[in-house]
Amino acid sequence: MLQIKDTLVSLDLIEEFFCCDLDRCLGECCIEGDAGAPVTAEEVERLRENMHLIRPLLTPAAQRVVDEQGPAYVDSEGDLVTSIVGGRDCVFTTYAPGGKCLCALEAASRAGKLPPLKPISCHLYPVRLKDYGGFTAVNYHRWKICRSAVTCGRSRGLRVYEFLKEPLIRRFGQEWYDELDLTAREYLKQYPVSPRR
């Protein structure tokens, strides 16, 4: 682990390679799992405030779920997560030709139709955060559906923290990221590592 300001960062972010390959995985992380994506109360409030813009982008089934329970709910473990459709899809999931899953929030934001509303937990994936009061743990989550992302990252020479530069800056700030980047470069000079897979 590396200490960067008030965070403890797993060495996996530096040692491992990663780059999403949507053409291979088809965005399966948006539809797999037993609950929606973790969200904060502030994120849910922003989603509610913008629902008049978001709702038309959703599938009819997702619109019904949002109408009945809103954009989020508390799951069986007591965590606030995005609502899901049919026990599977995140309500913000849309499908492109060929079955590729896309985030309606991200697509609309990139097109200038919405402010940035994608939950930080989604934007940061495969990194997961855990708050321990005095510090935040920043960990890499391995999932079999992301094997193609590991292969793609390795072929491009892109480390996890490099692939996630934008969301890491969004969450922790430019100064934090610059310190992580400098620390990572020095670490890799001293301890060259090969990917585990």
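Listed values, structure above:
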| read-out | value |
| --- | --- |
| Degrees between helix 174-190 axis and first principal axis of the chain (Cα, 0 to 90, nearest 10) | 40 degrees |
| Share, in percent, of DSSP beta bridges within the chain that are antiparallel, nearest 5 | 85 percent |
| Region 44-94-region 120-194 distance, computed between alpha-carbon centres (Å) | 27 Å |
| Solvent-accessible area, 1.4 Å probe, carbon plus sulfur percent, for the chain | 50 percent |
| Stokes-Einstein D (µm²/s) once Rh is taken as the Kirkwood radius of the chain over alpha-carbon pairs, at 10 °C in 1.306 mPa s | 89 µm²/s |
| Sum of -39500 (n - 2.57) over DSSP H runs of 4+, divided by residues of the chain (222 nm, nearest 500) | -11000 deg cm²/dmol |
| Set of aspartates and glutamates near Lys144 by C-alpha distance (under 15 Å), chain-local residues within fewer than 8 positions excluded | Glu16, Asp21, Glu28, Glu32 |
| Ranked by how many other beta carbons lie within 10 Å on average, peptides 128-139, 152-163 from highest | 152-163, 128-139 |
| Protection-proxy order for peptides 46-58, 78-90, each taking the mean of Cβ atoms within 10 Å per residue, highest first | 78-90, 46-58 |
| 3J(HN,Hα) from dihedral phi, region 55-60, Karplus parametrisation 6.51/-1.76/1.60, rounded to Hz, x for glycine, proline | 3, x, 7, 8, 5, x |
| In degrees, nearest ten, helix 147-156 long axis to first principal axis of the chain (Cα) | 50 degrees |
| Global form of region 26-82, assessed from the alpha-carbon gyration tensor, a/c cut-off 1.5 | oblate |
| Solvent-accessible area per residue, Å², over the chain with all protein chains present [probe radius 1.4 Å] | 55 Å² |
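The values are calculated or read from the model by the stated rules, or taken from the named source; none is laboratory data. Keep in mind it's a predicted model, so treat the numbers as computed, not measured. All Cβ positions, glycine included, derive from the backbone under ideal geometry; neighbour counts span all protein chains shown. The accessibility values were calculated without ligands, DNA or RNA, using every heavy atom of the protein model including side chains. Shrake-Rupley method; radii C 1.70, N 1.55, O 1.52, S 1.80 Å.
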